[in-house]
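The values are calculated or read from the model by the stated rules, or taken from the named source; none is laboratory data. Predicted, not measured: the structure shown is a model, and the values here were computed from it. We place every Cβ from the backbone using ideal geometry, glycine too, and count neighbours over all the protein chains shown.
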Amino acid sequence: MDTSEVLSAKGVDLLYGETPAIRNAEISLRRGEVVAITGQSGSGKSSLLYCLAGVLPVARGEVRFEGRRLAELDDEELSELRRERFGFVFQYGELLPELTVEENTALPLRLAGQRKKEALAAAGEVLGRLGLADLRERRPSQVSGGQSQRVAVARALVHRPAVVFADEPTGSLDTSNATAVLDEFLTLARSQGTAVVLVTHDSQVAARADSRFTMCDGILSTEVREVS
């Protein structure tokens, strides 16, 4: 498997007005690697995630994806990047209530222009791998919290993105569901070579990552990287 660098940040500062939210952050991510960023609420970890995803522009420093500076991309190119090369998992899933489980999962493929039949087929395959094949026709209101978060994982991975950004993906789940969802998420991501940036306040969740950082008052600590 290709383990070259896919995403990096060097000397990144982020300001909210004149207030520094991130100071001189540096991080790198290899293909298929899971990186966890831990820290208390308000420490800046989610802000860093959105800088890495090109959602928040940095004040200083640079973020690169596959060697290209995100600051060089215009709005249309950034939107295309987030739509086709990135995936996102949020704490509460953020599924569209008017769509079925299968349609929610297929959404990234449909937005990228794939025909409905092929998109739904791909969605069904990923849902099957996550044990959700029997729920394809249900609406989000008809599934449990753990099932809903699995659907969010399926949606983030269905188009085989280069990187998935996960912001407290198990934060709304009980311990049993959190463990199961995280297991399935990371297993599926690693199997298809998708890198994961995992923001969490939970040290047990962070321990599942290949590399771990801690953020405090906008400052990112030295990494701990497992030896492969």
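Quick look at the values:
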item	result
Segment 94-138, residues that are within 21 Å of the chain's Cα centre (by Cα), crowded, with 16+ Cβ neighbours inside 10 Å and not in a helix (DSSP H, G or I)	L95, L130, L132
Residues of segment 114-159 satisfying the condition of being basic (K, R), touching a helix residue (DSSP H, G or I) at 6+ places or on another chain (Cβ under 7 Å) and in contact (Cβ under 8 Å) with a residue 40 or more places away in the chain	R129, R155
Among the residues listed as R83, R69, the single one being modelled with pLDDT of 95 or more and basic (K, R)	R69
Test for N177: is it part of a helix (DSSP H, G or I), farther than 26 Å from L81 by Cα, over 14 Å from the mean Cα position of the chain (by Cα) and not charged (D, E, K, R)	yes
Filter result for the condition that a residue is in a loop (DSSP other than H, G, I, E, B), surrounded by 14 or more Cβ atoms within 10 Å (Cβ to Cβ) and of a type in the set (V, I, T), over V63, V55	V55
Any chance L7 is without any contact (Cβ under 8 Å) to a residue 24 or more places away in the chain, within 20 Å of A166 (Cα to Cα) and touching a Lys or Arg at 6+ places or on another chain (Cβ under 8 Å)	no
Top-ranked residue of segment 155-174 - restricted to ones that are surrounded by fewer than 18 Cβ atoms within 10 Å (Cβ to Cβ) and of a type outside the set (K, R), ranked as farthest from the chain's Cα centre (by Cα)	D174
Long-range neighbours under 8 Å by Cβ, at least six apart or interchain, first residue farther than 24 Å from G193 by Cβ and touching a residue at least 24 places away in the same chain (Cβ under 8 Å) within segment 161-180, second aromatic (F, W, Y) and surrounded by fewer than 16 Cβ atoms within 10 Å (Cβ to Cβ)	S172/Y92
